[in-house]
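**Q** Got a structure for you, written out below as structure tokens; questions coming shortly.
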Amino acid sequence: MLQRYKLIHQQSLGKSHLITAMRAYQPLASRSMDEDQWEYLTEAINALHNFGIVTVEAENFSKLLPEDDLTPALDIMAEVRAYFQVAYKRFGDNVPKQIDADFVRGIDSGLDIALMTMDLSKDKCVEYLQEPAAVVRERVELTGKKERLQAAQRKLSRFYDEQGAR
């Protein structure tokens, strides 16, 4: 993440073109920038190889560019971003666990006491399982309306059938 912030910052300073070119450096390929620059870079890599440092690549030279005073701020940005990436994942993991603990498993806390103190006589149990009277009344009314509408539909169908037969 730190490299990403540094690249963005370097883009704002205008160094990104040089760094991108160094990353894409191919010693034998044709180049779009000044040929002398690439020749100097190749000579530097060869000189380091002569000293026994064989793992040097062109993009490593970008580390030699002077750092500005924003490096500590970029370090802090990278650390804060990493912290929040971990934190939001942990939050996402903990929310379902908390819902399970509070609502799913939490229903049994106090359930035994409630059942012990309830009146569980036969009449009371029948009352607990009955539908409310308002629901029963509404169902009767709706059933009556449905039957009347179906009867009207049958009469209209017979009327249209008789009209069509004539």
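**Q** Of (1) open to solvent by 80 Å² or more (accessible area, probe 1.4 Å); (2) in a helix (DSSP H, G or I), Leu120 satisfies all except one. Which?
**A** Condition (2) is where Leu120 drops out.
**Q** OK, next. Need pairs with beta-carbon distance below 9 Å; first residue free of Cβ contacts under 8 Å to residues at least 40 places away in the same chain and within the range 37-52, second β-branched (Val, Ile, Thr) and open to solvent by 50 Å² or more (accessible area, probe 1.4 Å); sequence gap 6+ or separate chains.
**A** Close Cβ pairs satisfying both conditions: Leu48/Val54.
**Q** Okay, moving on. Quick one: is Glu131 open to solvent by 100 Å² or more (accessible area, probe 1.4 Å) and among the acidic types (Asp, Glu)?
**A** no
**Q** Output the qualifying pairs, or none if there are none: Cβ atoms under 9 angstrom, residues six or more apart or on different chains, first residue in the range 129-151 and within 30 Å of Asp119 (Cα to Cα), second residue hydrophobic (A, V, I, L, M, F, W, C) and surrounded by 10 or more Cβ atoms within 10 Å (Cβ to Cβ).
**A** Matching pairs, first to second residue: Gln130/Val136.
**Q** Going by what's in this entry, would Ala78 be described as surrounded by 10 or more Cβ atoms within 10 Å (Cβ to Cβ) and farther than 19 Å from Arg4 by Cβ?
**A** no
The values are calculated or read from the model by the stated rules, or taken from the named source; none is laboratory data. Everything quoted here is computed from the prediction, not taken from an experiment. When we count neighbours, we look across all protein chains shown, and the Cβ atoms used for this are built from the backbone with ideal geometry, even at glycine. In case anyone asks, the SASA skips ligands and DNA or RNA and just uses the protein heavy atoms, side chains included. Shrake-Rupley method; radii C 1.70, N 1.55, O 1.52, S 1.80 Å.
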